[in-house]
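Accompanying notes for the structure given below.
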Amino acid sequence: MNVILNAGREKSLQRRHPWIFSGGIKHADANIASGSTVDLLSSDKQFLARASYPPNSQIRARVWTFEDEVVDKEFFRRKIQSSLFTRQKLNVESQSDSYRLIYAESDNIPGLIVDRYNDVLVLQSLTAGSEYWKETFADLLIEETGLSTIYERSDADVRELEGLEPKVGLLRGDLSSFVFPITENNLQFQVNLAEGHKTGFYLDQRKNRLRVRELAKDKDVLDCFSYTGGFTINALAGGAKSVLSVDSSGDALELCKENIALNNLPADKHTSLEGDVFQLLRKFRDEARSFDMIILDPPKFAPTAAHAEKATRAYKDINLLAFKLLRPGGLLVTFSCSGGIDAGLFQKIVAGAALDAGVDAQIVEHLSQGADHPIALNFPEGAYLKGLVCLKK
Ligand code: SAH
């Protein structure tokens with residue numbers, strides 16, 4: 001099947017960006033099955049790339065290859081082997097038994113996310129193209145990793161844009177329990193594969209949690225949007241004087257308490273509060289409470305650039321309040337995981353928050369997603385996690 005692009009629309013492909021939007025298409029053959037493989041041709045019918053094609057999505061084609069090569073099981077075996085090779089080179093297994101094995105476009109396999117949790121693989125298929133090849137991916141993952149269990153967590157909202165229903169359940173092998181502990185930098189965390197966020201855990205924050213461990217000694221720490229305690233547990237392990245975890249999910253806070261016990265950390269130094277961070281920060285300000293370290297790791301307020309304005313206000317609000325609650329000499333560890341907010345804008349938002357809070361602060365560190373979430377040079381959209389450590393003077 002062939003898809004012909006409008007004149008000039010081959011430019012992004014020549015830079016090896018993997019997406020073609022619906023407006024770029026001049027002609028598509030009739031009856032292309034959703035997610036099946038098509039040839040992308042320039043307006044003068046030259047071969048440009050081979051891609052998956054969802055007939056109704058805004059992102060109308062996602063490139064599998066820029067070469068004139070067969071897209072079949074062996075093609076994907078080479079892709080998967082290449083992703084595994086990246087992780088081996090990074091030596092991630094020495095830090096954790098759980099890490100991202102395949103990161104979609106960033107590993108040149110659009111739509112496919114595979115996370116490893118101990119001996120279980122969790123697969124998330126986000127696009128019609130990855131859905132089309134899902135069974136092949138599952139077979140290849142078993143063959144190439146030597147593991148036997150794959151759990152599917154294809155329940156992300158973005159699937160809707162590709163006309164796909166949510167799908168959750170076992171794809172291969174069996175699982176005695178959905179909840180089990182993983183080890184990350186010598187600490188243990190219970191993950192819940194069936195009900196946890198994303199594929200179960202925020203694996204992208206691994207090295208930043210370790211950094212918090214190094215910085216937390218003797219500090220009163222406020223961990224906002226704590227989830228199951230990724231930062232909380234590390235702060236306690238690093239010798240924090242006290243840690244207060246805030247999250248709107250009672251279940252996540254329960255798992256956080258379990259994680260404290262699992263690691264034999266001092267429960268008497270920990271408090272958790274179920275509630276809305278926006279409201280609680282205001283309450284703390286009114287009560288004149290203060291902290292030595294505040295972590296802000298909110299959910300993505302701006303999935304795309306279209307949400308950037310509203311998201312900017314939300315980020316500014318929490319960062320401004322956090323700057324006020326920090327003691328002089330205190331550290332703000334603040335993140336955005338919004339694709340729609342780039343690193344420059346995030347830095348401006350945090351700078352504006354400090355200014356409006358009347359605080360003198362400097363950036364002492366830039367943080368980013370872990371190396372098991374690589375960024376393809378042709379796909380800067382893969383760099384979604386931006387973090388700053390700011391020191392209040
Ligand atoms: N820091 C965590 C990940 C945070 S994910 C880690 O390292 O694992 C974002 C969290 O924010 C989720 O747990 C979600 O329940 C919570 N959340 C979302 N909106 C919130 C709000 N308005 N107030 C409090 N928590 C919120």
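The values are calculated or read from the model by the stated rules, or taken from the named source; none is laboratory data. All figures in this text were calculated on a predicted structure; none of them were measured in a lab. Here Cβ is always computed from backbone atoms with ideal geometry, including for glycine, and neighbour counts include all displayed protein chains.
Observations on the model:
- Qualifying residue in segment 273-288 (condition: more than 13 Å from the ligand (Cβ to nearest atom), part of a helix (DSSP H, G or I) and surrounded by fewer than 15 Cβ atoms within 10 Å (Cβ to Cβ)): yes
- Residue 348 vs. criteria surrounded by fewer than 18 Cβ atoms within 10 Å (Cβ to Cβ), within 16 Å of the ligand (Cβ to nearest atom) and among the charged types (D, E, K, R): no
- Helices (runs of 4 or more DSSP H) enclosed by segment 124-232 - at least 2 residues per element that are among the polar types (S, T, N, Q): 134-145
- Among (1) within 21 Å of the chain's Cα centre (by Cα); (2) in a strand (DSSP E or B), the one test that residue 328 misses: (1)
- Residue match in segment 376-387 (condition: surrounded by fewer than 17 Cβ atoms within 10 Å (Cβ to Cβ), assigned to a strand (DSSP E or B) and under 20 Å from the mean Cα position of the chain (by Cα)): no
- Residue 320 being among the aliphatic types (A, V, I, L, M) and closer than 25 Å to residue 257 by Cα: no
- All conditions but one from (1) closer than 25 Å to residue 296 by Cβ; (2) buried (at least 24 other Cβ atoms within 10 Å of the Cβ) apply to residue 125; the one that does not is (1).
- Condition met for residue 268 (part of a helix (DSSP H, G or I), within 14 Å of the ligand (Cβ to nearest atom) and of a type in the set (Asp, Glu)): no
- Within the option set 242, 272, 226, being in contact with an Asp or Glu (Cβ under 7 Å, 6 or more places away or on another chain), over 30 Å from residue 150 (Cα atoms) and modelled with pLDDT of 95 or more holds for one residue only, 242.
- In segment 289-316, residue surrounded by the fewest Cβ atoms within 10 Å (Cβ to Cβ) [restricted to those that are closer than 14 Å to residue 332 by Cβ and within 14 Å of the ligand (Cβ to nearest atom)]: 298
- Scanning segment 355-375 for residues that are free of Cβ contacts under 8 Å to residues at least 40 places away in the same chain, under 23 Å from residue 212 (Cα atoms) and part of a loop (DSSP other than H, G, I, E, B) yields 359, 360.
- Subset of segment 241-264 [assigned to a loop (DSSP other than H, G, I, E, B), closer than 18 Å to residue 201 by Cβ and away from the ligand (no atom under 14 Å from the Cβ)]: 263
- When residue 148 is tested against (1) within 16 Å of the ligand (Cβ to nearest atom); (2) without any contact (Cβ under 8 Å) to a residue 40 or more places away in the chain; (3) hydroxyl-bearing (Ser, Thr, Tyr), exactly one condition is not met: (1).
- Among residues of segment 334-354 that are farther than 24 Å from residue 226 by Cβ, none has a Cβ under 7 angstrom from a residue that is acidic (Asp, Glu) and modelled with pLDDT of 95 or more at a sequence gap of 6+ or on a separate chain.
- Scanning segment 54-110 for residues being in a loop (DSSP other than H, G, I, E, B), free of Cβ contacts under 8 Å to residues at least 60 places away in the same chain and crowded, with 22+ Cβ neighbours inside 10 Å gives a total of 1.
- Where a residue in segment 263-287 is closer than 10 Å to residue 246 by Cα and its partner, wherever it lies, is among the small types (Gly, Ala, Ser) and more than 15 Å from the ligand (Cβ to nearest atom), with Cβ under 8 Å and at least six apart: 271/242
- Cross-chain or 6+ apart pairs with Cβ under 9 Å, segment 206-225 first and touching a residue at least 40 places away in the same chain (Cβ under 8 Å), then within 12 Å of the ligand (Cβ to nearest atom) and among the aromatic types (Phe, Trp, Tyr): 208/231; 208/335; 212/231; 216/231; 221/231; 223/231; 225/335
- Qualifying residue in segment 353-367 (condition: within 16 Å of the ligand (Cβ to nearest atom), touching a strand residue (DSSP E or B) at 6+ places or on another chain (Cβ under 9 Å) and under 25 Å from residue 247 (Cα atoms)): yes
- The residue list 186, 234, 192 contains one member that is in contact (Cβ under 8 Å) with a residue 12 or more places away in the chain and either among the acidic types (Asp, Glu) or closer than 24 Å to residue 91 by Cα (or both), which is 234.
- Criterion applied to 124, 95, 81 was being more than 29 Å from residue 195 (Cβ to Cβ) and of a type outside the set (D, E, K, R), and the one residue passing it is 81.
- Residue list for segment 336-348, restricted to those being within 16 Å of residue 364 (Cα to Cα) and either part of a loop (DSSP other than H, G, I, E, B) or touching a Phe, Trp or Tyr at 6+ places or on another chain (Cβ under 8 Å) (or both): 346
- Residue that is surrounded by the fewest Cβ atoms within 10 Å (Cβ to Cβ) [pool: residues in segment 210-240 that are away from the ligand (no atom under 15 Å from the Cβ) and within 21 Å of residue 285 (Cβ to Cβ)]: 220
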